[in-house]
Amino acid sequence: MEQCLADIAVSRETGERLQTYADLLVKWQARINLVGPETIPSLWQRHFLDSAQLFPLVPQSVHRLVDMGSGAGFPGLVLAILGVPDVHLIESDGRKCAFLREAARVTATKLTIHNARIEQVAPLAADLVTARALAPLEKLLSWAEPHLGPGGECLFLKGRAAEDELTQAAKEWIFSLDRVTSLTDPASSILHLREVRRGRAER
């Protein structure tokens, strides 16, 4: 834990809130499957640091963030604890939403939880949309587009299939891309997408 907190350079108070979140997750994991059981021994590296590495990439101008398919709160709840304002978590599983509400309560984190499928949530006009381990890029963009406000951007954590997903998504979407190597897995990456719109770029 200590090394992960050092890697993301948080204050003692924020570190304590993240620890409270982690303790609650382990407690609830015994009753409902929040994360892969095999990842619990490396919880801080696999989930907390993996999520927190997005924070330096969040534009300072962001006033609303939408996290799609939040699950146990990664990365949305972590980013809210780190200080991103007006975070909206979208999660269709009612049990996970119950966990998210309790995690927000015990960590004194203000956010909004939408217990619904992504496509059922009214457009949220977000400055930034995030997702982690949720769906192929093409599908993420189709879900994200209605929730992006003017000039909105996306940060998606992607694994080893990122290149193939980018190729496939480019058949239906136009976007500018910055790609950042993941801190937790050199074979994974963060896709920072801007100017997202439907269409196919001219070759």
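The values are calculated or read from the model by the stated rules, or taken from the named source; none is laboratory data. Predicted, not measured: the structure shown is a model, and the values here were computed from it. Methodologically, a virtual Cβ is constructed for each residue, glycine included, from the backbone with ideal geometry; neighbour enumeration extends over all protein chains shown. Protein only, heavy atoms only, side chains kept; ligands, DNA and RNA dropped before computing areas. Shrake-Rupley method; radii C 1.70, N 1.55, O 1.52, S 1.80 Å.
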Does VAL106 qualify as being touching a Leu at 6+ places or on another chain (Cβ under 7 Å) and either exposed (fewer than 13 other Cβ atoms within 10 Å of the Cβ) or over 22 Å from LEU193 (Cα atoms) (or both)?
yes
Take the conditions open to solvent by less than 10 Å² (accessible area, probe 1.4 Å), of a type in the set (Ser, Thr, Tyr) and in contact with a Gly (Cβ under 7 Å, 6 or more places away or on another chain) and apply them to SER51. Does it pass?
no
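For the stretch 114-143, how many residues are among the acidic types (Asp, Glu) and in a strand (DSSP E or B)? Don't jump to the end; show me each part of the working.
Start the filter on the stretch 114-143 by keeping residues that are among the acidic types (Asp, Glu), which leaves 119, 127, 138.
Narrowing the set further to residues that are in a strand (DSSP E or B) leaves 127.
Result for the stretch 114-143: 1.
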When every residue in the stretch 56-82 that is free of Cβ contacts under 8 Å to residues at least 40 places away in the same chain and open to solvent by 20 Å² or more (accessible area, probe 1.4 Å) is compared, the one farthest from LEU43 (Cα to Cα) is GLN60
Practice item. Kindly indicate whether any position in the stretch 148-161 is hydrophobic (A, V, I, L, M, F, W, C), at pLDDT 95 or above, out of contact with any Ser or Thr (no Cβ under 7 Å at 6 or more places or on another chain) and more than 19 Å from LEU54 (Cα to Cα). Key: no
